[in-house]
1. For the chain, what % of the accessible area comes from carbon and sulfur atoms, probe 1.4 Å?
2. Which percentage, to the nearest 5, of the DSSP beta bridges contained in the stretch 1-111 is antiparallel?
3. Would you work out if the stretch 139-215 is rounded, prolate or oblate? Take a ≥ b ≥ c from the square roots of the eigenvalues of the alpha-carbon gyration tensor; rounded if a/c is under 1.5, else prolate when a/b is larger than b/c, oblate otherwise.
4. If contacts are Cα pairs under 8 angstrom and at least 6 residues apart, what is the relative contact order of the chain in percent?
5. Using a 10 Å cut-off on Cβ atoms, rank the peptides 136-145, 114-123 from the highest mean neighbour count down.
6. Give me the dipole magnitude in Debye, nearest 20, for the stretch 1-148 about the Cα centre, with unit charges on the beta carbon: positive for Lys and Arg, negative for Asp and Glu.
7. From the Cα gyration tensor of the stretch 1-114, with a ≥ b ≥ c the square roots of its eigenvalues, which class applies: rounded if a/c is under 1.5, or else prolate if a/b is larger than b/c, or else oblate?
8. How much accessible area per residue does the chain have, counting only protein heavy atoms and a probe of 1.4 Å, in square angstrom?
Amino acid sequence: MDITWYGHSCFRITERGQISVVADPYADKIGLPSLKLKADVVTISHDEAGHNNLEAIKSEPHVLTGPGEYEVGGVFISGIAMHNVDEEQSPRWNVGYLYQYDTLTVLHLGDLSHVPSQSTVEALGEVNVLLVPVGGGNALRAGEAADVIAMIEPHFIVPMHYDLPGLNLELEPVEKFLKAMGVSKVQEEDVLKVSAGALPEQPQVVLLRPRVDME
């Protein structure tokens, strides 16, 4: 399985012989390079410009926008209600997506902004790769992200939704998250390659470099 990051919360997940998924394609207005991607499935965690730009997908994908159980091309996708709750405001819609490719699972948390309940986490089952917001704004801050990771116990941790050059959203730098995780030397990759037979024994943080040459 290959996981590619395009910046902010946008990822493309591919597996040889199976469908491709794009999560949370962003709009140009957030300041990052324009997206032009192909996918069989697109998942949208919530209806904001940083996450819902279907015009960036140059194909005719299945589009998933809410909670539920889905199967597309032999890949099982669970949309999990993880709505952001603020006592002074109405709950803000947010859906996390768990993608299951045979025995490998990837969880994209969208703009999760709170530490979920233990029962919510237990219902997820094993998570091999966790795509987690870490830069604050309307989503988890560094310390909260570390708490969520400790509950989920994934094999790979890929931070997202943090400050990047050109981004016109006020988010914290990823270094704050690395400090909260106690990571002094981080693994950086262009693409995260995951194999069911080669999962790390201890949770491993991987920084992905945003891909700018669009497909």
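The values are calculated or read from the model by the stated rules, or taken from the named source; none is laboratory data. The model shown is predicted, which means the values in this text are computed figures rather than measured ones. Every residue, glycine as well, gets a Cβ built from its backbone with ideal geometry; the counts of neighbours run over all protein chains shown. Areas reflect the complete protein model, heavy atoms only, side chains present, ligands, DNA and RNA absent. Shrake-Rupley method; radii C 1.70, N 1.55, O 1.52, S 1.80 Å.
1. Values: 4670 of 10070 Å².
Here it works out to 46 percent.
2. On the way: 24 of 31 bridges.
Roughly 75 percent of the beta bridges in the stretch 1-111 run antiparallel, per DSSP.
3. Numbers: a/c = 2.01, a/b = 1.14, b/c = 1.75.
The shape class here is oblate.
4. Details: 516 pairs, mean separation 39.0, N = 215.
So the answer I get is 18 percent.
5. On the way: 136-145: 21.1, 114-123: 12.8.
In descending order of packing, they fall as 136-145, 114-123.
6. Details: 8 positive and 20 negative charges, 106 e Å.
Its charge dipole is roughly 520 debye.
7. Oblate shape, in that a/c is at least 1.5 and b/c is the bigger or equal ratio.
8. Details: 10070 Å² over 215 residues.
Normalised by residue count, the accessible surface of the chain is 47 Å².
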